[in-house]
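Just below is one structure, and these are the notes that go with it.
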Amino acid sequence: MPLPADTLSYDFDEEGVGFGAPKTPAAAHGDGLSGAQKIALTMVGLGLLSLVAQVSGGFIAGSWLGLATSIGLLAVGAILAFWLQHRDSVAGIKHDGIFFSSLLARGSAAWIAGIGMTGLYVLLYWYPQYLGQPVVGGEPTGLIRVVDPLARLMTGYPASQWFLYGVLYTGAIFVFGVRMIMKYRHNRYQQIRTASVAFFQLVFAWFLPNLLVRFRQPYMEFNGVWPLKQNYLWPEKAAGQFLDAGAFGIFLLCFAVALVVATPVLTYFFGKRWYCSWVCGCGGLAETLGDPFRQLSSKSTRAWQIERWMIHSVLVIVLVVTASLWIDYKMTGNLYGSWSGPLRQWYGFFIGAVFSGVVGVGFYPLLGSRVWCRFGCPQAAILGLWQRFFSRFRITTNGGQCMSCGNCSTYCEMGIDVRAYAEKGENIVRSSCVGCGICAAVCPRGVLKLENGGTHADRYAGAATPITAFLDALEHRPKLVMPVAASGSQRDDPAVKRK
Amino acid sequence: MHVVIIGNGITGATAALELRQLDADCRITMISGESKFHFSRPALMYIFMGHMSYQQTKPHPDSTWADNRIELLRDWITDIDTASKQLSLHKGGTLDYDRLLIATGARSNKFGWPGQDLQGVQGLYDLPDLKRLHDNVITAKQAVIVGGGLIGIELAEMLHSCGVPVTFLVRESSYWNNVLPEPESAMVSRLIRQAGFGLKLETGLKEIEDDGTGRVGAIITDKDERIECQLVGLTAGVSPNIQLVKETAIDTGRGILVDWSLRTNVADVFAAGDCAEIVTEGDGRNLLQQVWYTGKMQARIAARGLAGLEATYDPGIWYNSAKFLDLEYHTYGQVNLCIPAEQNLYWEHPDGLHSIRIVYLADRVIGINTMGVRFRHRLCEAWIAEQRPLEYVLEHLAEANFDPEFCRRFEAHAAAQFSKAVA
């Protein structure tokens, strides 16, 4: 019997043409904005308007009223808008339309946003005068002047470009943190984790460091670890500033060293996530402002190859630069390096500013939220090595429940092809995983769970010790250890096992 | 040796990759008229709703097939000649095989309703259905979905996401209560109504009306109610897609008849997945399993047969999972099957969004059902396989939880209530 005509005539190019957004009659789209949402968006608009007016013309710029009616109004309006948006919906995963969105799926809006954010970083790093940074001793103008009252209150100094950056950064984490907590209000792991990154940003990375400035102490962000904050253990800071600042300076130095020492211990118990998605400032921004863009990370094998080379290269480079600076300092007594000075400057420019800032954050809307964390951060590389070979953390999969839909892989900000493991019922032990837990949240079948309890044998079938696992990995070095193509592992296959 | 696999769904694709692991040398060709590469059909809804792009629903990188020397052919098979071991291709030409696996899946049921072939009437099973939905939704101001199973609620959610109002016609007295026990079924029914879908219980479809242009204009229920609609989703289950083999030497019943090694009556021809019906001795009730994981497990057995090895399919302890709107559902073992002497323990949270059910006999637990709580598959499976008594399962209930960290845990509370109930 022949197949029906409509079957035989089906020849759609799903790869090339694909499926866009469904086109429904205009009448079908009924839901508009509520009155409260309109008020919230009006606040955002007025805040922006006030900001523009203050930047260009003075107006009430530099006063508390100016700050409250610009950045303040903007933040409160945005928080209110996010809160209202999610309040009335049923708790659950809300990803409708993400891949039809110009902003969230690399359309023209994403390019505008990406270029805008990149531009802001370029101005901050290299052209702060256009943001109103004064010449030494002068008064700030422009955008920087808007946050001046807060700077004077916090630090006792006029605002600088870096104070402005801190306000915007912390503000973004709070505004988008509220969005994150409302979006995932059915998932307490996400709520607690988001509250944690917001807390560490506000207290450890913003309030306490500004207090240090106020009391004329060396600047330090207490959630910053060498080598992410590379200079914390470079001679200029460690030997220069910290040791110069008496007992308190020694405390700061001990704190910086303690974080480095604590890294393997905490990673053994909790995995890389204790830092990357609970404490770190870069992670904090990625998990809040970056959350809408997490689906843009590349899952290709090529991206994985580049990632492994690039992130470990940065780690080697930072180790070499750090060692060079200390040797140089011991030999010549120069805190900033005599022959190693150019290395220090080169690292600060290319890795510290261009990679982690301009590319890492500016490109959120184009490359996803964790570009820096995945390809560049040397601290993530160290944490990753510990996690991969010596940690109780792994993502476990729930037997045979996976039906390969791919939500987990799509929404993995680190570009891990989670599904490739889940569909085989294998544990996921990957150095790049930051433990954000979104894969487990978006899974419609309850297949994934982040767990700390694993013994080593439980993490790796057939590799009894970290050393053998490490040697295994080295052996497979020329070829990526991509999960084997066959979609079933013998050891977890009831059909084959019982035969 | 040339092995040809008809169909690139989960069964065909799994069999092809598994066969390559078992036999490094044979030539493998996988044919599909539906898509160039294997993709995950359960993800159809996520493509439509914009959660994922089509490309992201493909479980393997495109290079996988060439890397494993699996030749892909985009075509429909129009005839199988088992005597000369030859397939006819729709685009012209023939293809010879030495061994054949038929993995053609299933089709949405149509029960002979008047108007069931009008424009705007469709099921939701494969990529052509998704394309059809994109075409049909353009003029849809109102949709009716006939049949309240897992696919029905997915289709409702999809239409809802783009603003098309949906009315459900469900023959049963409560949503999916041929599978879900009453309280769980009531829970889902309540959520369906909360989501704003019309839900007409104990109501069937009588007729689909033509709007005069060959498109659907309205439906009439078996209670003679007329509902205007421009789109009708037929989601009253699926049946094996056996049209291709009906007039060949291959035996069919409801599906393609196979033995426990997934061999058909014709030498060197195998069938597996949604299209296969396993002939059982004894009670005469053949085994027709049409879920994702059984397709995958059957594929591995069929691959062994294709490689010339012996293997017997063991369906194991039944399990499944689903998501009804935002409510997750896990089931293990025998639930709602009215086993003689079975007893049930049921706990439901006052919020009506979480429940745990244990089905047991005098000496052992035989089934577990959860709503809004994730349970560990391998642990539940082991309890049932090892015939653990109720007391043992209650004592260890908390270990089965698979919810994300910091989520509220209900097992201790439920177990305490259960213990009190049986004491």
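Positive contributions from Lys and Arg (+1) and negative ones from Asp and Glu (-1), summed over other residues with Cβ under 12 Å from the Cβ of A:Ile173, come out at -1. Panel note: the C-alpha atoms of region A:180-235, placed on their principal axes, show extents of 46, 25, 11 Å (largest first). Using unit Cβ charges (K, R positive; D, E negative) and no other charged atoms, how large, in debye to the nearest 20, is the dipole of the protein assembly as shown about its Cα centre? Roughly 3000 debye for the protein assembly as shown. Taken residue by residue and averaged, Cβ atoms of other chains lying within 10 Å of the Cβ of A:6-16 number 6. Other protein chain C-beta atoms within 10 Å of residue C-beta, averaged over B:372-378: 6. Of the peptides B:174-186, A:167-179, B:6-18, the order by per-residue mean of other Cβ atoms within 10 Å, starting with the highest, comes out as B:6-18, A:167-179, B:174-186.
Classified by the C-alpha gyration tensor, chain A has an oblate form. Its axis ratio a/c, with a ≥ b ≥ c, is 1.5 or above, and a/b does not exceed b/c. For A:Lys237, a cut-off of 26 angstrom between C-alpha atoms picks up these lysines, skipping any fewer than 8 places away in its own chain: A:Lys229, A:Lys330.
Once divided by 2.2 N^0.38 Å, the Cα radius of gyration of region B:319-422 becomes 0.99.
At full extension, A:Val320 and A:Ser338 could sit 4.9 nm farther apart than now, given 0.36 nm per residue minus the alpha carbon distance. The mean sequence separation of alpha-carbon pairs under 8 Å and at least six residues apart, normalised by the residue count of chain A, gives a relative contact order of 13 percent. Listing A:Leu325, A:Leu343, B:Leu379, B:Leu124 from fewest to most neighbouring C-beta atoms within 10 Å gives A:Leu343, B:Leu379, B:Leu124, A:Leu325. For each pair in A:Lys272/B:Lys323; A:Lys94/B:Lys110; B:Lys110/B:Lys223; A:Lys23/B:Lys141; B:Lys91/B:Lys296, compute the distance between the two Cα atoms and list the pairs where it is over 22 Å. Beyond 22 Å between Cα atoms: A:Lys272/B:Lys323; A:Lys94/B:Lys110; B:Lys91/B:Lys296.
Summing Lys and Arg as +1 and Asp and Glu as -1 over all other residues whose Cβ lies under 9 Å from the Cβ of B:Ser355 gives a net charge of -1. For region A:81-121, the residues whose amide N sits under 13 Å from a probe point set 7 Å from the Cα of B:Gln55 along the beta carbon direction are A:105-107. Straight-line cross-link partners of B:Lys36 among the aspartates and glutamates, defined as a Cα under 17 Å from its Cα and at least 8 positions apart when in the same chain: A:Asp11, A:Asp13, A:Glu14, A:Glu15, B:Asp62, B:Asp67, B:Glu71, B:Asp75, B:Asp126, B:Asp129. Between B:Ser239 and B:Thr139, the FRET efficiency estimated from the beta carbon spacing at R0 = 30 angstrom works out to 0.55. Per residue of A:391-403, other chain Cβ atoms within 10 Å of the residue Cβ number 6 on average. Between B:Thr213 and B:Gln21, the simple label model (points 7 Å from Cα in the Cβ direction) yields a spacing of 5.2 nm. Across region A:356-382, the residues whose backbone nitrogen lies under 18 Å from the label position 7 Å along the beta-carbon direction of A:His312 are A:373-382. Using 1/(1 + (r/R0)^6) with R0 = 56 angstrom and r between the beta carbons of A:Leu49 and B:Ser261, what's the FRET efficiency to the nearest 0.05? According to the calculation, E is roughly 0.15. Dipole size of chain B about its Cα centre, with +1 on Lys/Arg Cβ and -1 on Asp/Glu Cβ: approximately 560 debye, rounded to the nearest 20.
Electrostatic tally near B:Leu87: other residues with Cβ closer than 10 Å to its Cβ, Lys and Arg +1, Asp and Glu -1, net -3. Calculate, for B:Cys407 and B:Glu182, the FRET efficiency according to 1/(1 + (r/R0)^6) with r their C-beta to C-beta distance and R0 22 Å; round to the nearest 0.05. Once rounded, the FRET efficiency stands at 0.25. Considering only A:Thr118, A:Leu366, A:Trp64, the residue lying farthest towards the positive end of the dipole of chain A is A:Trp64, judged by Cα position with unit charges set on Cβ. Packing, taken as the mean count of other beta carbons within 10 Å per residue, orders the peptides B:306-316, A:222-232 from highest to lowest as A:222-232, B:306-316.
P(r) for the protein assembly as shown, from all Cα pairs and a bin width of 10 Å, is 2, 11, 19, 22, 20, 13, 8, 4, 1, 0 %, short bins first.
Sorting the segments B:397-409, A:390-402 by their mean number of nearby beta carbons within 10 angstrom, highest to lowest, gives A:390-402, B:397-409.
When region B:110-236 is described by a simple charge dipole with +1 on each Lys and Arg Cβ and -1 on each Asp and Glu Cβ, the residue from B:Gly163, B:Leu199, B:Leu127 located farthest towards its positive end is B:Gly163. The modelled label-to-label distance between A:Trp162 and A:Leu65, using points 7 Å beyond Cα along the C-beta direction, is 3.3 nm. Of the residues A:Val260, A:Gly246, A:Tyr275, the one whose Cα sits farthest toward the positive end of the charge dipole of region A:188-335, with +1 on the Cβ of Lys and Arg and -1 on the Cβ of Asp and Glu, is A:Tyr275.
Rule-based calculations on the coordinates, nothing more; no lab input. Note that the structure is predicted; figures quoted are calculated from it, not measured. Using ideal geometry, Cβ is built from the backbone for each residue, glycine included, and neighbour counts are taken over all protein chains shown.
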